[in-house]
1. So VAL59 ticks every box in (1) farther than 30 Å from LYS31 by Cα; (2) surrounded by 15 or more Cβ atoms within 10 Å (Cβ to Cβ) but one. Which box is left unticked?
2. Looking at (1) under 18 Å from ASP188 (Cβ atoms); (2) β-branched (Val, Ile, Thr); (3) touching a Phe, Trp or Tyr at 6+ places or on another chain (Cβ under 7 Å), which is the one condition that is false for VAL80?
3. What pairs come out if I take residues in the stretch 105-130 that are closer than 15 Å to GLU227 by Cα and pair them with residues that are part of a loop (DSSP other than H, G, I, E, B) and polar (S, T, N, Q) whose C-beta lies under 7 Å away, six or more apart or interchain?
4. Just one of the numbered conditions (1) closer than 29 Å to ARG127 by Cβ; (2) assigned by TED's automatic domain parsing to the domain that holds SER84; (3) surrounded by 12 or more Cβ atoms within 10 Å (Cβ to Cβ); (4) not aliphatic (A, V, I, L, M) is not true of ARG166; which one?
5. Check whether at least one residue in the stretch 83-90 is at pLDDT 95 or above, surrounded by fewer than 24 Cβ atoms within 10 Å (Cβ to Cβ), more than 19 Å from GLN178 (Cα to Cα) and out of contact with any Gly (no Cβ under 8 Å at 6 or more places or on another chain), and report yes or no.
6. Take the stretch 47-83 and flag every residue that is over 24 Å from LEU125 (Cα atoms), assigned to a strand (DSSP E or B) and of a type in the set (Gly, Ala, Ser).
7. For the subset of the stretch 27-74 comprising residues that are of a type in the set (Ser, Thr, Tyr) and more than 18 Å from ALA3 (Cβ to Cβ), which member is nearest to the chain's Cα centre (by Cα)?
8. Any chance you could count how many residues in the stretch 91-112 are surrounded by 21 or more Cβ atoms within 10 Å (Cβ to Cβ) and either of a type in the set (A, V, I, L, M, F, W, C) or over 16 Å from LEU181 (Cα atoms) (or both)?
Amino acid sequence: MEATNDIEINSPYGLGNIKSLISTNGSIYIKGGVASKNRVEIIAGKNVYVKFADNARIVCGETAHIGYYCINSDIVAKGVTFDSFNGQVIGGSIRAEVYISVPICGSELERKTTLEVTGFNRQALVRRLDELFHEISTRKIEMQKLKSQPESSGRNSLSEKMSILRDEIKSMEAERKQIALYLKKKGDGEISVTKRIYPNSCIILGCMFAEIDPQVMAQTFYLKDGEIKML
């Protein structure tokens, strides 16, 4: 299945044995999870929201939101976050540009699990954020000017222009919020495991492997000045 804009799957059972689900410009919302004997591919231009992923490949242009767990799956995104307090990734790999946040990495069976953050250009995001503030302000001024035009003006034409401006502002506000979230992350890329890191977990930042202390249950790793720092 493929669509241009957002896709919503509201069944609580989620998706089974389909080949792929693609939204070229929008987000994908799956109320249930994704599980299949054959690998399911979920691709979105923006965000992906799933309750769980089992034997899936998820690729999105912004953030992948996993409700509870990810098993034997591969995820590629700018950011990846697990919403549940006990969220867990077991096996497979997660590769993000900006951040990964997961409570539990790996399992007692010690299945190899890889978390990788490639890193991002913080200054470029700051510049883009400034551009967005300016562009949003400019469009709001344009809307005020349109609202003040006399009744004799072509109302259909004005209404259409207002609608276009509202859509543009909405899109830019969403991007602004996303960038603001990214800029809250530490350094130039962050991996946060908040509850437990099991043996045979692999943590990579900026092509460098992090040393995992087996005595430390939870750990935050981040990229700063070309080195991996830990909290």
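1. VAL59 satisfies all of (1) farther than 30 Å from LYS31 by Cα; (2) surrounded by 15 or more Cβ atoms within 10 Å (Cβ to Cβ) except (1).
2. (3)
3. Note: no pairs meet the criteria.
4. If we test ARG166 against (1) closer than 29 Å to ARG127 by Cβ; (2) assigned by TED's automatic domain parsing to the domain that holds SER84; (3) surrounded by 12 or more Cβ atoms within 10 Å (Cβ to Cβ); (4) not aliphatic (A, V, I, L, M), just (2) comes out false.
5. Start the filter on the stretch 83-90 by keeping residues that are at pLDDT 95 or above, which leaves 87-90.
So of that shortlist, the ones also surrounded by fewer than 24 Cβ atoms within 10 Å (Cβ to Cβ) come out as 87-88, 90.
From what is left, the residues that are more than 19 Å from GLN178 (Cα to Cα) are 87-88, 90.
With out of contact with any Gly (no Cβ under 8 Å at 6 or more places or on another chain) added as a condition, the list becomes 88.
Yes: the stretch 83-90 contains one or more residues that are at pLDDT 95 or above, surrounded by fewer than 24 Cβ atoms within 10 Å (Cβ to Cβ), more than 19 Å from GLN178 (Cα to Cα) and out of contact with any Gly (no Cβ under 8 Å at 6 or more places or on another chain).
6. The answer is ALA53, ALA56, GLY67.
7. The initial filter retains those residues of the stretch 27-74 that are of a type in the set (Ser, Thr, Tyr), namely 27, 29, 36, 49, 63, 68-69, 73.
If we keep only those that are more than 18 Å from ALA3 (Cβ to Cβ) as well, we get 36, 63, 68-69, 73.
Working: SER36: 22, THR63: 1, TYR68: 15, TYR69: 15, SER73: 16 Å.
Here the answer is THR63.
8. Number of matching residues: 8.
The values are calculated or read from the model by the stated rules, or taken from the named source; none is laboratory data. What you see is a predicted model, and the numbers here were worked out from it, not measured in a lab. Neighbour counts run over all protein chains shown; Cβ positions are idealised from the backbone, glycine included.
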